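The values are calculated or read from the model by the stated rules, or taken from the named source; none is laboratory data. Everything numeric in this text was worked out from a predicted model, so none of it was measured. Here the Cβ positions follow ideal geometry from the backbone for every residue, glycine too, while neighbour counts run over all protein chains shown.
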Amino acid sequence: MNILLVYPRFPDTFWSFKYALKFVRKKASMPPLGLITVAALLPEGWNKRLVDANVQDLTDRDLQWADYVFISAMTVQRNDARATIDRCKALGVKVVAGGPLFTSEPELFADVDHLVLNEAELTLPPFLADLAHGRPQRMYTSNEYPDITRTPSPLWHLLDLKRYATMSVQFSRGCPFNCDFCNVTALFGHRPRTKMAAQIIAELDALYAFGWRRTVFFVDDNFIGNKRQIKTEILPALIEWRKGKIGMSFDTEVSINLADDEELMRLMAQAGFTNVFVGIETPNEDSLTECNKKQNTRRDLVESVKRIQRAGLQVQGGFIVGFDSDTPNIFQQQIEFIQKSGIVMAMVGLLQAPYGTQLYKRLQQEGRLTSQISGDNVDGSTNIITKMNLDVLREGYQALLNKIYSPEFYYERVKTFLREYQAPRIKLHIEFIEVLAFIRSIYLLGMKGVERVQYWRLFWWTLFRRPRLFPLAITLSIYGFHFRTVCESHVQ
């Protein structure tokens, strides 16, 4: 059996890092972890190939080789997923689809031969059994959650690792919180399910053996959902594993209550974590209450962010405008918060209501839904009939993005962060492409760019004030180029 695993293209978004990746000659930020894990669940005797359309073109020859095309996608990949399925149907290739997009919107893909939805550890085995007996059904679903201690390691050899900036692993699924706009709990439940430390170490060992020395992203929606296990098992195992090794820093996603646990932050920094993405959402307390973001309320959010930064963890922040409680002054509030907190990478989007969320159910009852979500956090779209006038909302949103990613505001925010940040002392692996990226930054940002004045000010300020952080300052300058380019192409 010939199986072609296909991952559709991402549009240009904040998360694509498309324009930053060009500096280091990489094609994609991260690999399709779900697909290479599904590949490990397929029979060993089957021939498996992967085409990640973000790093290589999908050809008709690829499709004609396959007995089945397995496709997985997120909502933001909907358009290219649709185009890929159309190509398969035109060539008579059968399609098996799964992942968040198809689990959330199966009715939009009536022409897919087989929908293997929810979590593959439960729904893929019965499909394979039925296929072996020549009677596969069209749809496989489950309301249960699998034990991921039995999930196999991904098939890393299917990837061309040189094309990616970051690798990814997964420790847990699920989140203990109940933010009403988030579909994580709808897909994966409230009780975090975790792998064993030995599984994570085995996956890292495999990546290290393949020569990987760059960043590894823990894709958990809330890495600290089970604090006890993180502190007593996972982080000690990572600290021990890193001894004598160079490279392999870690990034992940956490909730803001990380700031309340000094021991946890210390252990994460010691284990090699350097970046955490935190859903800040809004400085408006009423909006936080409205969306049930209880963990963010009744606290000084700016000080919480700075505590995490001082612990050696850069905070990347998610922000939302368009809550019912938002008024037109929310845009200036967001700008002031982002600048004061020194959150350099601030991902701001309009509120959207994903299928299956409490927000979706509430707005459906109120007759305030208009369409499916785009999944793009910077395209200025929403599927909600908003309380704020939509034109006012979009104009304010555009002005917000243009302001925070203008060279003046962005570079000032970088300096605010670097003043606070206490970098952990870990041995990082410097590759020649990093040196080339530095040279390109001098040419593209320091000589040709609209930000050349701000670039050189940061260049010399960091070199003399915070020399250990000089590589990070250049990296953040490159990220700023990406964010600004995306903003200019989306919201002008």
- Looking at (1) within 22 Å of the chain's Cα centre (by Cα); (2) at pLDDT 95 or above; (3) not in a loop (DSSP other than H, G, I, E, B), find the lone condition where Gln229 falls short. (1)
- Just one of the numbered conditions (1) surrounded by fewer than 19 Cβ atoms within 10 Å (Cβ to Cβ); (2) at pLDDT 95 or above is not true of Leu207; which one? (1)
- Query: Can you spot a residue in region 344-360 that is in contact (Cβ under 8 Å) with a residue 60 or more places away in the chain, surrounded by fewer than 20 Cβ atoms within 10 Å (Cβ to Cβ) and in a strand (DSSP E or B)?
  - Reply: yes
- Given the residues Asn383, Asn402, which is the only one that is without any contact (Cβ under 8 Å) to a residue 40 or more places away in the chain and either of a type outside the set (A, V, I, L, M, F, W, C) or under 29 Å from Glu262 (Cα atoms) (or both)? Asn383
- Phe102, sole failed condition from (1) aromatic (Phe, Trp, Tyr); (2) in contact with a Gly (Cβ under 9 Å, 6 or more places away or on another chain); (3) not in a loop (DSSP other than H, G, I, E, B): (2)
- Message: Being among the charged types (D, E, K, R) and over 14 Å from Leu187 (Cα atoms) is the filter here; which residues of region 96-119 pass it?
- Response: Glu107, Asp111, Asp113
- Task: Would you check which residues across region 94-108 are in contact with a strand residue (DSSP E or B) (Cβ under 6 Å, 6 or more places away or on another chain) and either among the acidic types (Asp, Glu) or touching a residue at least 60 places away in the same chain (Cβ under 8 Å) (or both) and list them?
- Result: Gly98, Gly99
- Item | Candidate set: region 60-75, residues that are assigned to a helix (DSSP H, G or I) and of a type in the set (Asp, Glu); chosen: the one surrounded by the fewest Cβ atoms within 10 Å (Cβ to Cβ) | Asp60
- Matching residues in region 210-238 - criterion: being β-branched (Val, Ile, Thr) and either buried (at least 16 other Cβ atoms within 10 Å of the Cβ) or under 14 Å from Ser168 (Cα atoms) (or both): Thr215, Val216, Val219, Ile224, Ile230, Ile234
- Query: Of the conditions (1) touching a Gly at 6+ places or on another chain (Cβ under 6 Å); (2) more than 30 Å from Ala311 (Cβ to Cβ); (3) at pLDDT below 95, Thr386 fails just one. Which one is it?
  - Reply: (3)
- So which residues in region 460-492 are under 17 Å from Phe409 (Cα atoms) and surrounded by fewer than 18 Cβ atoms within 10 Å (Cβ to Cβ), if there are any at all? Trp461, Thr485, Glu488
- Taking into account only those residues within region 245-262 that are among the small types (Gly, Ala, Ser) and modelled with pLDDT of 95 or more, which is farthest from Asp205 (Cα to Cα)? Ala259
- Residues of region 76-99 being surrounded by fewer than 21 Cβ atoms within 10 Å (Cβ to Cβ) and either part of a helix (DSSP H, G or I) or not assigned by TED's automatic domain parsing to the domain that holds Met30 (or both), which ones? Asn79, Asp80, Arg82, Ala83, Asp86, Arg87, Lys89, Ala90, Leu91
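Out of Val51, Val6, Val76, which single residue is in contact with a Cys (Cβ under 9 Å, 6 or more places away or on another chain) and either at pLDDT 95 or above or not aromatic (Phe, Trp, Tyr) (or both)?
Val6 is the lone residue from the list that is in contact with a Cys (Cβ under 9 Å, 6 or more places away or on another chain) and either at pLDDT 95 or above or not aromatic (Phe, Trp, Tyr) (or both).
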- Query: Is it the case that some residue within region 128-137 is over 24 Å from Lys293 (Cβ atoms) and in contact (Cβ under 8 Å) with a residue 24 or more places away in the chain?
  - Reply: yes
- Note on the structure: All-but-one check, Gln334 against (1) in contact with a Pro (Cβ under 9 Å, 6 or more places away or on another chain); (2) under 24 Å from Val184 (Cβ atoms); (3) not in a helix (DSSP H, G or I), failing number (3)
- Query: If only one of Leu472, Leu444, Leu458 is assigned to a helix (DSSP H, G or I), closer than 26 Å to Ala271 by Cα and touching a residue at least 12 places away in the same chain (Cβ under 8 Å), which one is it?
  - Reply: Leu472
- How do the pairs read when you match residues in region 140-153 that are under 25 Å from Ala197 (Cβ atoms) with residues anywhere that are of a type in the set (Gly, Ala, Ser), using Cβ under 7 Å and keeping only pairs 6 or more apart or on different chains? Tyr145/Gly189; Pro152/Ala40; Ser153/Ala40; Ser153/Ala202; Ser153/Ala206
- Query: So which pairs qualify, if the first residue must be in region 53-71 and among the small types (Gly, Ala, Ser), the second must be modelled with pLDDT of 95 or more, the Cβ gap must be under 6 Å, and the two must be at least 6 apart or on different chains?
  - Reply: Ala53/Pro8; Ala53/Arg9; Ala66/Asn2; Ala66/Leu4; Ala66/Val93
- Is it fair to say Leu161 is at pLDDT 95 or above, surrounded by fewer than 17 Cβ atoms within 10 Å (Cβ to Cβ) and under 30 Å from Val216 (Cα atoms)? yes
- Of all residues in region 108-117, which are modelled with pLDDT of 95 or more and over 11 Å from Ile71 (Cα atoms)? Phe109, Ala110, Asp111, Asp113, Leu117
